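Enquirer: Attaching a single structure in structure tokens format; questions to follow.
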Amino acid sequence: MSHWLPIPIMAMLLCLSACTPTRVDNPMNLITPPKDWHHAPATQTQSNPADLKEWWKGFQDPTLNALIDQALANNHDLRSAVARVREAKAMTTVADSALYPSIDLYASGGREKKIDRIIGVPNNQGIGLFTPTADMITGGLSARWEIDLFGARQLEAEAAAAQAEGAEQALHAAQAGLLAQVATHYLELRGVQLRTDILRKNIVVQREYLRALKAFNRTGLANQSAVARQETLLHTTAGTLPTLTAICSNLIHRLAVLLGEPPENMQNRLAHAEPLPANSPGIPRLLPSALLEQRPDLRVAQTELAAMAARLGAARADLLPKLVLSASGGFGALASSGFSSLAETVYTLGSGLTAPIFNAGRIQAHITAFDARLDQVAANYEKTFLLALEDVENAYVAHVSSLERRDRMTEAETSAEKAYRLANGLYRHGADDYLSVLDAQRTQLVIADERAKAETAVHVALVSIYRAFGGGWIAEAAH
């Protein structure tokens, strides 16, 4: 009867191993998203997941599409993030393996002869002493299994799985950030190239204005002070050209690095000026609650919270007993000189139960540390969500203000063009001088430069909106 007593005890222990009494509730539902955006523009399109995933195609710019395709294929940060995903998934297998028994093959053999093993054997001269040589060979299988009585190993496996999910979401975050960087730098490059072309025209006009002033000065129609002021303005305007040229080169070099190329390789590809895209994607219509699923950085924070809650539960389980089962079986052979060989099957069965009694507060301090870390990641999760709301609201504000400024600059440019046409008409009819025409043309070019900056800001603000929403990947793809 005593041989059957351990069976119900083992059944009870296995049932206990299926539950996790030390599990900690995940404090992920601490955030209540607002119902709507405060600065969302009235004109919003109902975006679908495909539009959000490939938002840059709304610009309908083949060069931008090609740059983003190359960045997705060659960017070094993305390659590192992919490797981290592989590493994290491999570590989940390591954590899961602790839930199962381990089985090892062992074999050993050898020969030994020790002087402390002297044997007396009768012979013709009495008793002879000799040290026998022994040959021993053993081999077989050994198994060990720590029963997960209180779910510690299960919680550690859940923490590893959450880390793997976090690595995947970090990959999505890197991808979304990369796409926004490529698009922003490309649009800024086209805007600066447009401004450079306008600046060159302005320099030509100002040189002509200086030439005309000098001619009038020689005839007494203009004084030397006006000539000096124009020379100062011309040199100041021309001094802006190297700055814009340097900005263009820096943007090209940055794009080259993002695309995984040496900077000089991109110079010939992008140095030729092209206009800003004539089309642009619509503004996505997403509620604040959608950020919890769509933004990769928020999903990373969620996985950190889940992993830390699981680790805290596993740390609490260290206060409880642990049960280990072990078994081994195989074949053994022993041969000693002067004696017959011995060969037998061998086996061992064992179990062990351990429970902490005294550890100088180590386990409790470990639990306290993990509890503090859980509070840290919970606070970080809430902060990340607030930053995401701020990011979207700021992107909306930037977009609305850039649209308003572009409209004002467009109206100003229209007025400047009208003023130039009127001044030119008066000059041709002899009612005004040549300097008035050049001055009107110079004003028109200055306003055109401001309108180009405003147009660039509108495009960049659209990119910021999609980046704030986590555009560049689809939430369903993660599953």
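The values are calculated or read from the model by the stated rules, or taken from the named source; none is laboratory data. On a predicted model such as this, the values are computed, not experimentally measured, just so you know. Note that we place each Cβ from the backbone using ideal geometry, even for glycine, and neighbour counts take in every protein chain shown. Note: accessible area is taken over every heavy atom of the protein model, side chains too, but ligands, DNA and RNA are not part of it. Shrake-Rupley method; radii C 1.70, N 1.55, O 1.52, S 1.80 Å.
Enquirer: Would you mind checking the pairs Lys383/Lys453; Lys57/Lys453; Lys53/Lys383; Lys57/Lys201; Lys214/Lys418; Lys35/Lys89 and listing those with alpha carbons more than 29 angstrom apart?
Expert: Details: Lys383/Lys453 33 Å; Lys57/Lys453 22 Å; Lys53/Lys383 25 Å; Lys57/Lys201 32 Å; Lys214/Lys418 27 Å; Lys35/Lys89 37 Å.
In this structure, Lys383/Lys453; Lys57/Lys201; Lys35/Lys89 lie more than 29 Å apart at Cα.
Enquirer: A further question on this structure: On average, how much accessible surface per residue is there in the chain, in Å², for a 1.4 Å probe, leaving out ligands, DNA and RNA? Please report the intermediate quantities before stating the final value.
Expert: Values: 26670 Å² over 479 residues.
Ligands and nucleic acids excluded, the result is 56 Å² per residue.
Enquirer: While we're looking at this one, here's another question. Please compute the net charge surrounding Ala95, taking Lys and Arg as +1 and Asp and Glu as -1 over other residues with Cβ under 15 Å from its Cβ. Working shown, then result.
Expert: Details: positive: Lys89, Arg153, Arg311; negative: Glu87, Asp96, Glu146, Asp148, Glu156, Glu158, Glu165.
Overall, the nearby charge balance is -4.
Enquirer: In square nanometres, what is one fourth of the surface area of the convex hull spanned by the alpha carbons of segment 223-312? Kindly include the intermediate steps, with their values, before the conclusion.
Expert: Working: hull surface 53.8 nm².
Its average projected convex-hull area is 13.4 nm².
Enquirer: Can you send over the carbon and sulfur percentage of the accessible area for the chain, probe radius 1.4 Å, protein chains only?
Expert: Numbers: 15410 of 26670 Å².
Whole-percent figure for carbon plus sulfur exposure: 58.
Enquirer: Can you give me the span-like helices of the chain, meaning DSSP H runs with 30 Å or more of Cα extent along the axis and Kyte-Doolittle mean at or above -1.0? The partial results should precede the final answer.
Expert: Details: long enough: 76-97 (32 Å, -0.31); 152-218 (95 Å, -0.17); 224-258 (52 Å, 0.52); 296-317 (32 Å, 0.24); 362-428 (94 Å, -0.46); 434-468 (51 Å, 0.30).
Length and hydropathy pass: 76-97, 152-218, 224-258, 296-317, 362-428, 434-468.
Enquirer: Moving on. Which order do peptides 348-354, 388-394, 221-227 fall in by mean Cβ count within 10 Å, highest first?
Expert: Ranking, from highest mean packing down: 388-394, 221-227, 348-354.
Enquirer: Of Thr443, Trp56, Val205, which is farthest towards the positive pole of the chain's charge dipole, taken about the Cα centre with +1 and -1 on the beta-carbons of Lys, Arg and Asp, Glu respectively?
Expert: Among Thr443, Trp56, Val205, the one farthest towards the positive end of the dipole of the chain is Val205.
Enquirer: Listed highest first by mean packing, meaning other Cβ atoms within 10 Å per residue, what order do 189-198, 237-246, 404-413 come in?
Expert: Descending packing order for the listed peptides: 189-198, 404-413, 237-246.
Enquirer: Could you work out [θ]222 nm for the chain from helices alone, using -39500 (n - 2.57) per DSSP H run of at least four and dividing by all its residues? Round to the nearest 500 deg cm²/dmol. Spell out each step's value before the answer.
Expert: Details: 11 runs with 290 residues, N = 479.
Calculated at 222 nm, the ellipticity per residue is -21500 deg cm²/dmol.
Enquirer: Another one. What ranking, highest mean first, results for peptides 464-471, 415-422 when packing means the other Cβ atoms within 10 Å averaged over each residue?
Expert: Working: 464-471: 24.1, 415-422: 15.6.
The peptides rank, most packed first, as 464-471, 415-422.
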